[in-house]
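The values are calculated or read from the model by the stated rules, or taken from the named source; none is laboratory data. All values reported here derive from a predicted model rather than from experimental measurement. Here the Cβ positions follow ideal geometry from the backbone for every residue, glycine too, while neighbour counts run over all protein chains shown.
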Amino acid sequence: MICKRCNGEFDHAEPKAKEYSVCNNCWDEWKKYSIMVINDLRLDMSIKEHRALLKKYERVYFGLEKAEDVRDLSKEEERVPDKS
């Protein structure tokens, strides 16, 4: 299979990675990035709307949705500094 994110070839992938047709490396990158999203946006996974927002970021990350109203948190200038 060809990864839709990095265009690399792969044979095996985690079930969730297969859902997006991406390799395990790209899926691992998403898992790290998702932690950044959760922390920066201060998402609470017990709240349905927060889970939906994280899912939106996931779909944007894998190119399934356009990045409307979604910040690229991998860029430092897009991140919200902690004001404590």
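The table below gives the values:
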quantity	calculated
Selection from segment 1-35 of residues that are in a helix (DSSP H, G or I), modelled with pLDDT under 90 and either in contact with a Leu (Cβ under 7 Å, 6 or more places away or on another chain) or farther than 17 Å from Tyr57 by Cα (or both)	Pro15, Lys18
Residue that is surrounded by the fewest Cβ atoms within 10 Å (Cβ to Cβ) [pool: residues in segment 48-84 that are of a type in the set (Val, Ile, Thr) and either farther than 17 Å from Ile35 by Cβ or at pLDDT below 85 (or both)]	Val80
